[in-house]
Amino acid sequence: DKGTHRHFMAKEIHEQPSVLAYALSHYLDPARKAVDLPGPAPDFAAMDRLLLVACGTAYYACHVAKYWFEQIARIPVEIDVASEFRYRNPPIGGRDGAIFVSQSGETADTLAALRYVRDAGGHPIAVVNVAESSIARESDQAFEIKAGPEIGVASTKAFTCQLIVLAALAITAGRQRGTIVAAEEERLVTALARVPAQVADALGAEAHVSELARDLAKARDILFLGRGPMYPLALEGALKLKEISYIHAEGYASGELKHGPIALVDDSVPVICFAPMDPLFDKTVSNMQEVMARGGRVLLASDTDGLAEAADGAWATLSMPACDPVWAPIVYAVPAQLLAYHTAVEKGTDVDQPRNLAKSVTVE
Ligand code: M6R
C-alpha cells in the first residue's frame, strides 16, 4: 500500500527517517554509545583483507563502506561487482573476510560469488533485507538491514539501511583491530545516531528538488560528482537517475573530471555536486569551478557553511543539514533519490516499474 504517496518509491524515500532509526535500534546500544551487533561479531582482527561483493546499488553501498572500513578499521578492502568477481577466479586466502550485500538476497550473480568464496574455504557473511533469502541461508552469518519490504525497483531505503549495517560492522572492526579507542567509537556512534533526524531534514529539500527537476528533465546528459565517500554516492545518484528517468547520467570522482569527462561539459549538461563540509571540500569546490568556467550548470548540494563558501556562480543549490562527514553519504542519498524521482515524474516514466528492469535479478 502506497499510503498517501503516488509511488512506492516516494513512500520508501519518505520512510527512511523511521526505518533508519529502526535499523539502528538493532545495531547500537544508545546507553553505552557503542555498537551492539544482533549476532556474534565476525572476527575482523583475524582478517588481512576484506572483500565486499554485490550488484547495482548494493555494490555502491559496498563502495561507500570501503572508505569506512579502511579509515576506521585500517583493513584493506576490495570491492567487486558480483558478475566480475565470480568469473575472474580470484584467489581467496585463509585470512580473507567476505561480505555479500543484497536487498533481495536472491541476486543470481551475488549468490554465485558467495558460493565461490564458500567453495574456496571462506566464510561468507551476508547483509540482506530478506532474512529467509538464499544469500542469507547460504552464508555463515547474515545481518539483516531491517528496511521492511521494498517494492519500487529503484532501491532507496534498502541502500541507506545497508549503509547503517555496514557502518556498524566497520566500527566493530575498528574496535576489534584496536584502530579506534572507546571515545572514538562513542563519537562515531553518537554521530550515526543523529543520521535519521538529518535524513528527515534532508527530505525538507523536496519542494525545491521538484522545481529543479523541471529543468533536469530536459537534459540529455547529467553528471554527478563527489570525492571520498561521496564519490560512490555520485555513482549511485547517476544509476538512480538513469534507471527511472532514462536520462543518460555518469558519476565521477571530482578529481577525475579533468582526465576526460570535462570535455562533455557545456551549458546543456547539468553537473550535480555532492559536497558536504568535509576535509576535501576545497578540492571539490575547485573542481566545481572548473565546470563553471566551461559554462557547466552546477547544482551544489551542501550545508549552510558550504553554500556560504561556494554557492557563487552555481546554477542552483540544495541546502543539506550539517552532518558528520563520515556518515554524510547516508544523508546525501536523500537528494540523490529525490532528484531521480522528481525528474522521472516530470518525464512521466513508470517510476516503480522502469522498462527492462526487474526488482530481483535471479538470472545471470
Ligand atoms: O537485491 P539486490 O540488492 O541484490 O539487487 C541488486 C541490484 O539489482 C539493485 O540494487 C539494482 O541496481 C537496483 N534497481 C538499483 O536501484
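Return one number: the angle in degrees, 0 to 90 and rounded to the nearest 10, between the long axis of the Cα atoms of helix 108-119 and the longest principal axis of the Cα atoms of the chain.
30
Leaving ligands, DNA and RNA out of it, rank Tyr332, Tyr252 by accessible area with a 1.4 Å probe, largest first.
On the way: Tyr332 0, Tyr252 65 Å².
Putting Tyr332, Tyr252 in descending order of accessible area: Tyr252, Tyr332.
Extension gain Ala120-Val363, at 0.36 nm per residue separation less the Cα-Cα distance, in nm?
85.2 nm
Label points 7 Å out from Cα along the Cβ direction at Ala182 and Ser25: separation in nm?
2.7
Would you mind telling me the share, in percent, of accessible area of the chain contributed by carbon and sulfur at probe 1.4 angstrom? All intermediate terms of the calculation are to be shown ahead of the outcome.
On the way: 6990 of 14110 Å².
Roughly 50 percent, rounded to a whole number.
Based on the Cα coordinates of the chain, what is the per residue volume of their convex hull in Å³? Please report the intermediate quantities before stating the final value.
Working: hull volume 47.0 nm³, N = 364.
It is 129 Å³ per residue.
Using +1 at the Cβ of each Lys and Arg and -1 at the Cβ of each Asp and Glu in the range 111-175, identify which of Ala136, Ala120, Ala158 lies farthest towards the dipole's positive end.
Projecting each Cα onto the dipole axis, the largest value belongs to Ala158.
Using the alpha-carbon atoms, what tilt in degrees (0 to 90, nearest 10) does helix 328-347 show relative to the longest principal axis of the chain?
Computed tilt is about 50 degrees.
Report ³J(HN,Hα) in whole Hz for each residue of the range 226-243, in order, from the Karplus equation J = 6.51 cos²θ - 1.76 cosθ + 1.60 where θ = phi - 60°; Gly and Pro get x.
x, 10, x, x, 7, 5, x, 5, 4, 5, 5, x, 5, 4, 4, 5, 5, 5
Using the alpha-carbon atoms, what tilt in degrees (0 to 90, nearest 10) does helix 206-216 show relative to the longest principal axis of the chain?
70
Report Rg (one decimal) and Dmax (nearest whole number) for the range 243-364, counting Cα atoms only, units Å.
15.8, 49
Would you mind computing, in nm to one decimal, how far apart the modelled labels at Asp267 and Arg6 are, each placed 7 Å from Cα along Cα→Cβ?
Taking the two extended label points, one gets 3.0 nm.
If each of Asp312 and Glu70 carries a label point 7 Å out from its Cα toward its Cβ, how far apart are those two points in nm?
Using points 7 Å along Cα→Cβ, the separation is 3.4 nm.
What's the FRET efficiency of Thr304 with His259 using the Cβ-Cβ distance as r and R₀ = 25 Å, to the nearest 0.05? Don't skip to the answer; put the middle values down first.
Working: r = 32 Å, r/R0 = 1.28.
Efficiency, rounded to the nearest 0.05: 0.20.
Heavy-atom accessible area per residue, the chain, 1.4 Å probe: how many Å²?
Heavy-atom SASA per residue in the chain reads 39 Å².
Give the shape of the range 177-226 as rounded, prolate or oblate, defined through the alpha-carbon gyration tensor: a ≥ b ≥ c are the square roots of its eigenvalues, a/c under 1.5 means rounded, and otherwise the shape is prolate if a/b is larger than b/c and oblate if not. Walk me through the numbers before you get to the answer.
Values: a/c = 8.00, a/b = 2.27, b/c = 3.52.
The shape class here is oblate.
Step through the residues of the range 349-359 one at a time and calculate ³J(HN,Hα) from phi using the Karplus curve (6.51 cos²θ - 1.76 cosθ + 1.60, θ = phi - 60°), rounding each to whole Hz and writing x for Gly and Pro.
7, 7, 4, 7, 10, x, 4, 6, 10, 10, 5
Rounded, prolate or oblate: pick one for the range 79-195, where a ≥ b ≥ c are the square roots of the eigenvalues of its C-alpha gyration tensor, a/c under 1.5 means rounded, and failing that, prolate if a/b is larger than b/c, else oblate. The partial results should precede the final answer.
On the way: a/c = 2.28, a/b = 1.23, b/c = 1.85.
It is oblate, given that a/c is not under 1.5 and a/b is not larger than b/c.
Using a cut-off of under 19 Å, list every residue of the range 311-345 whose amide N is near the label point 7 Å from the Cα of Ala207 along the Cα-to-beta-carbon line.
Within reach of a label on Ala207, which here means backbone N under 19 Å from a point 7 Å along Cα→Cβ, the range 311-345 contributes 316-321, 335, 338-339, 342-343.
Per the Kirkwood formula on distinct C-alpha pairs, the Rh of the range 168-278 is how many angstrom? Could you put the intermediate results ahead of the total?
Details: mean 1/r = 0.0610 Å⁻¹.
It is 16.4 Å.
I'd like to compare 243-250, 227-234: which one has the highest average count of other Cβ atoms within 10 Å, and what's the full order after that?
Final packing ranking: 227-234, 243-250.
What is the set of long-range amide H partners of Gly97 at a cut-off below 5 Å, with H atoms built 1.01 Å from backbone N?
Result for Gly97 returns Asp48, Arg49, Leu50, Leu51.
Kindly state, to the nearest 0.05, the FRET efficiency for Lys283 paired with Asp140, given R0 = 56 Å and r defined as their beta-carbon distance.
On the way: r = 40 Å, r/R0 = 0.72.
The formula returns an efficiency of 0.90 here.
Which of rounded, prolate or oblate describes the range 1-112 when judged by the alpha-carbon gyration tensor and an a/c cut-off of 1.5? If you can, show how the numbers build up before the last one.
Working: a/c = 2.52, a/b = 1.30, b/c = 1.94.
Since a/c reaches 1.5 but b/c is at least a/b, the shape of the range 1-112 is classed as oblate.
Need the C-alpha centroid separation for the range 224-300 versus the range 12-59, integer Å.
Between the Cα centre of the range 224-300 and that of the range 12-59, the gap is 28 Å.
Expressed in nm to one decimal, what extension gain is obtained for the pair Ala46 and Arg355 from 0.36 nm per residue of sequence separation less their Cα-Cα distance?
On the way: separation 309, 0.36 × 309 = 111.24 nm, distance 4.48 nm.
Between Ala46 and Arg355, full extension yields 106.8 nm more.
The values are calculated or read from the model by the stated rules, or taken from the named source; none is laboratory data. This structure is a prediction, so every number in the text was calculated from the model and none was measured. Neighbour counts run over all protein chains shown; Cβ positions are idealised from the backbone, glycine included. Ligands, DNA and RNA are stripped out before the accessible areas are found, and what is left, the full protein with its side chains, is counted by its heavy atoms. Shrake-Rupley method; radii C 1.70, N 1.55, O 1.52, S 1.80 Å.
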